[in-house]
Each structure stands twice: as C-alpha cells, then as structure tokens.
Amino acid sequence: MGTQFLAKMFSTHIGIDLGTANCLVFVRDHGVVLNEPSVVAIKVNTREVLAVGREAKEMLGKTPQNINAIRPMKDGVIANFEITEEMLRYFIQKALRAMPWHKRLLHPRVLVAVPSGITEVENRAVKDSARHAGAGEVVLVEEPMAAAVGVGLPVAEPAGNMIIDIGGGTTEVAVISLSGIVASKSVKVGGDALDSAIIQYIKKVYGLMIGVLTAEQVKIKIGSAYPVKDEETLDVKGLDFVSRVPKTVRISAAEIRTALQEPIISIIEAVRDALDKCPPDLAGDLLARGIMLAGGGALLAGLDKLLTEETNLPVFVSDEPLNAVVRGTGVMLQEDNIWAN
Ligand code: ADP
Ligand code: MG
C-alpha cells in the first residue's frame, strides 16, 4: 500500500479543458462541475484579481480604465502565465469546494487538455501553472485526442478517425488511429476570428462600431456558413463611427455569411491540410467514418453542410460540442495508469 493507493483513494481526480474561450472542469465520480469563460478581470495598477469566469466575461469591452478584462489563453497558448495560474487556481479551488472533506486531504491529481500544437516550453508552463494552482500530479493530454474520446470515436481501432475542434482562438484538426494522432493541423482561426470579421464588416458597410460581445451574439443568432431556410434579420446596436452617437442597423443572415467567408475558408484549408498529411489507407477510412465536429464553432449553422460539399466526406456535429474535450478527460480519468506515480 503505497502513495499510489492513497492518491487513488483520497485525492480528487480532476480533468480540465483549458480552452481559449471556456474552461470546464470534470471531477471523477461527479461529472462536469464547472463551466465558465476563460476570462480574468484585474485592477490595472495593483494587478489584483477582481473577478474570474462568467462575472469577468460580462466586463469584456465595458471596463473603466483602471480595470482590465483579460483572456489569458486567447491564442491557444499561455500568453500570460501569471493570470492563467490565477484562473486555474480559482477554478480548481471552486471545483474542490464542492467535494466532501476527505477528498480534499491530498492535492488533486489533474489532467489538463492542451492544444496539440504547443511547444515543450508551453507544456511546462501549463504544468507549472497547474501545480502552483494547487495540483499534486499533473498530466497533459492533447486536446483533439480528448475531444475524440469525449465524442465517443473508436480511437483505439487501427482506422482513421477525423476530429475537428473549433474553439475560440484555434481550430484543431486531427486524424487519430490506434490511440495516437497520425496527422494534424492547428490554426489560430476560430470563433474569435468570426467575431472580428463581423465587427469589421459592420464597420465597413454601415459605419457602425460594435463590441466583441455583440458580435458574438450576432454570430450565434444569425451566423451561418451555408444558406439555411427562412433566414432571419437582426437589429444590431452600436456606435456610429462618424457622429459618435448610438445607432441601430438591421443586418441579414446572408450579409453575415459574406462577412464570415474569409475565416471560414481558413478553417476549410486547415481541414484540407490535415487530409493531405493523412496516410492513404486512413484517408480511405474517412469515406465511411466521416468527420466529427466538436468545440463551440461546430454550432455555426451550415458548417457541416459546407464541409461536406468541400471534402465530399460525411460530416457530423457531435452532441454537446462545447463539452467534448472535458467529457474526454472524464473518460480518461477512469484509467488509473495515466499517472506517473
Ligand atoms: P475553447 O475550447 O477555445 O474555449 P469553445 O469550444 O468553448 O472554445 O468554443 C467557444 C467558441 O464557440 C466561441 O467563439 C463562441 O462564440 C462559439 N460558439 C458558441 N456557441 C456558438 C453557436 N451557437 N454558433 C456559433 N459559434 C458558437
Ligand atoms: Mg476547446
């Protein structure tokens, strides 16, 4: 009976999807216990943390000069170590508070899903941050692998499985066989790029300035990658670029589709790249197995249709795409052999 037995019995086993837009936490035997935006609000002069998660996201674009709302993972890597650590600490502690006392005696074991493209240095930064944030042992898993496991793809089979995870800051495309990533492509284009494209379009065409939260709402409400039936219009509020007074304009779904074209093309190119890198036999498997979409970007209307048209492969949107990665960590936490000690 060694430390391994004690850790297995008494430490809490936590899986974290450290996303660029959202952070989700899974606790073994409990499920998803936390789901909040990856945003931290700090006081500029003192660097004091004022809010983390949902509360901090509501401040994005609305802060006075002395407060800064930061997304430390914005581009898919830790751009800001200190703030990422604060955020991880807050989320880990919040998840632990919901656990019975005997599950809080030892440091938790933490499995963190990280983007597949990150460097050794960045890997170390995530591990250090998680340790400083209170974790005992920390193990990393590549996010596309976690997503594939989370949506239930048969990753262990000797056959090609393609997963596309479209997050806020990045899109990760991976072909998985025999529980390993065989071909992959990661691009820094995701939901944020779609929001920026909407901001730029509305500014260019209507002279109206809108914020990121408004742009995201426009995307979610009427955004699409392919024409859909009964397309809607939406009244969008912002600030007139010239007169500097508040103004409303009515925007159609077709216009937003035009606005989104460029970033959508980048996503399609990433998929093509991954297909190019895929060994022929595994590429052949995709004809029958198709492509699985996960991440919040998978919810963009018509994206599956457009990808089918562009690749001639069947495309599926996973159930609850925003939870795919964290559910995958949850499945992996069932295995006791993922830990080094
Ligand atoms: P990450 O893993 O990078 O944290 P997520 O998988 O949580 O990202 O996805 C967040 C992104 O998904 C955001 O850009 C958000 O705007 C986008 N998103 C969420 N819901 C929808 C929707 N219904 N339609 C289009 N995009 C959406
Ligand atoms: Mg993600």
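The values are calculated or read from the model by the stated rules, or taken from the named source; none is laboratory data. Quick caveat: nothing in here was measured; it's all calculated off a predicted structure. All Cβ positions, even for glycine, are placed from backbone atoms using ideal geometry, and neighbour counts span all protein chains on display.
Looking at region 103-110, is at least one residue crowded, with 22+ Cβ neighbours inside 10 Å and part of a helix (DSSP H, G or I)?
No: zero hits.
Each row is one residue, and each column tells you yes or no for (1) more than 23 Å from E142 (Cα to Cα); (2) in contact with a helix residue (DSSP H, G or I) (Cβ under 7 Å, 6 or more places away or on another chain); (3) hydroxyl-bearing (S, T, Y).
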site: H13; (1), (2), (3): no, no, no
site: T20; (1), (2), (3): no, no, yes
site: H30; (1), (2), (3): no, no, no
site: L34; (1), (2), (3): no, yes, no
site: T46; (1), (2), (3): yes, no, yes
site: V52; (1), (2), (3): yes, yes, no
site: E55; (1), (2), (3): yes, no, no
site: Q65; (1), (2), (3): yes, no, no
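Considering every residue within region 79-87, establish whether at least one is assigned to a helix (DSSP H, G or I) and of a type in the set (A, V, I, L, M).
yes
Looking at N35, N45, N80, which one is away from ligand 2 (no atom under 16 Å from the Cβ), closer than 24 Å to D165 by Cα and among the polar types (S, T, N, Q)?
N80
From the set of residues in region 207-241 that are within 20 Å of D304 (Cβ to Cβ) and basic (K, R), which is surrounded by the most Cβ atoms within 10 Å (Cβ to Cβ)?
K219
Please go through region 53-74 and give me each residue that is modelled with pLDDT of 90 or more and on the phi > 0 side of the Ramachandran plot, ordered by number.
Within region 53-74, G53 is the sole residue that qualifies.
Considering V205, V121, V212, which residue is at pLDDT below 95, out of contact with any Pro (no Cβ under 7 Å at 6 or more places or on another chain) and within 22 Å of L234 (Cβ to Cβ)?
Just a single option satisfies the conditions, and that option is V212.
Name the one entry in L6, L50, L96 that is modelled with pLDDT under 90, away from ligand 1 (no atom under 16 Å from the Cβ) and outside any loop (DSSP other than H, G, I, E, B). So that I can check it myself, show each step before the final result.
Details: L50 fails: modelled with pLDDT under 90; L96 fails: modelled with pLDDT under 90.
Within the list L6, L50, L96, the selection yields L6.
Kindly indicate whether A294 is within 16 Å of ligand 2 (Cβ to nearest atom), at pLDDT 95 or above and closer than 26 Å to G328 by Cα.
Yes.
Where residues in region 305-341 are out of contact with any helix residue (DSSP H, G or I) (no Cβ under 8 Å at 6 or more places or on another chain), in a helix (DSSP H, G or I) and in contact (Cβ under 8 Å) with a residue 12 or more places away in the chain, which of them is surrounded by the fewest Cβ atoms within 10 Å (Cβ to Cβ)?
If we take residues in region 305-341 being out of contact with any helix residue (DSSP H, G or I) (no Cβ under 8 Å at 6 or more places or on another chain), in a helix (DSSP H, G or I) and in contact (Cβ under 8 Å) with a residue 12 or more places away in the chain, then E309 is surrounded by the fewest Cβ atoms within 10 Å (Cβ to Cβ).
Quick one: which strands (runs of 3 or more DSSP E) sit completely within region 114-186 and have at least 1 residues that are over 24 Å from V32 (Cα atoms) and away from ligand 2 (no atom under 16 Å from the Cβ)?
Working: elements: 138-142, 161-166, 171-177.
By residue number, 161-166, 171-177.
Can you tell me which of I220, I198, I268, I256 is modelled with pLDDT of 95 or more, among the β-branched types (V, I, T), part of a helix (DSSP H, G or I) and touching a Gly at 6+ places or on another chain (Cβ under 7 Å)?
Sole residue among the options that is modelled with pLDDT of 95 or more, among the β-branched types (V, I, T), part of a helix (DSSP H, G or I) and touching a Gly at 6+ places or on another chain (Cβ under 7 Å): I256.
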